[in-house]
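Below is one structure, written out as structure tokens, with a few remarks after it.
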Amino acid sequence: MHVLASAADFGEFPRQVSETIAFLHAHAEQVRRLCSFPGVDGVTLDFGIARRDVPVQCDTFPAELVRDAGSLGLSIELSQYPAEEAESDAQEPVE
């Protein structure tokens, strides 16, 4: 199952985070039910971001997101994509 918590692109990590926090606040009870549904082994928030051309890339999740996700039983994942792939995916129309 895939649930969209943010419509932000790969290059908009801060927007992804803020929209996801708002999503969790608005839908906390539904997320909690999903996490406890029989047969569901785990639910993960996956943040897709563009890999920047830097020696070390650091992207931080704010405490509010970590706290909210943890209290709902969610894991957090950060998926880094090559900049070219992230740009081409961002330009494809959403179905």
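What follows is calculated from the coordinates using simple rules that are stated; it is not laboratory data. The model shown is predicted, which means the values in this text are computed figures rather than measured ones. Virtual Cβ from ideal backbone geometry, glycine too; neighbours counted across all protein chains shown.
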When the chain is treated as a Gaussian network with springs between alpha carbons less than 10 Å apart, the largest mean-square fluctuation among ALA22, ALA63, ALA83 is found at ALA63
Which residue, VAL56, VAL17, VAL40, tops the fluctuation ranking in a GNM of the chain built on C-alpha contacts under 10 Å? VAL56
Only Lys, Arg, Asp and Glu count, each charged at its Cβ (+1, +1, -1, -1), so figure out the dipole size of the stretch 13-91 about its Cα centre, rounded to 20 debye. 340 debye
Paramagnetic reach from LEU78 in the stretch 25-64 [backbone N under 19 Å; point 7 Å along Cα→Cβ]: 44-64
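Going by how many other Cβ atoms sit within 10 Å of their own, how do CYS58, CYS35 line up, fewest first? Display every interim value, and only then the final one.
Numbers: CYS58 6, CYS35 14.
Neighbour counts put them in this order, fewest first: CYS58, CYS35.
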Extending each Cα 7 Å along its Cβ direction at GLU19 and ARG52, get the distance between those two points in nm, one decimal. 2.0 nm
Round to the nearest 10 and give me the degree value, 0 to 90, for the angle of helix 63-72's Cα axis relative to the longest principal axis of the chain. 40 degrees
What number results when the radius of gyration of the chain, computed over Cα atoms, is divided by 2.2 N^0.38 Å? 1.15
Computed [θ] at 222 nm, deg cm²/dmol, the chain (DSSP H ≥ 4; -39,500 (n - 2.57); rounded to nearest 500): -13000 deg cm²/dmol
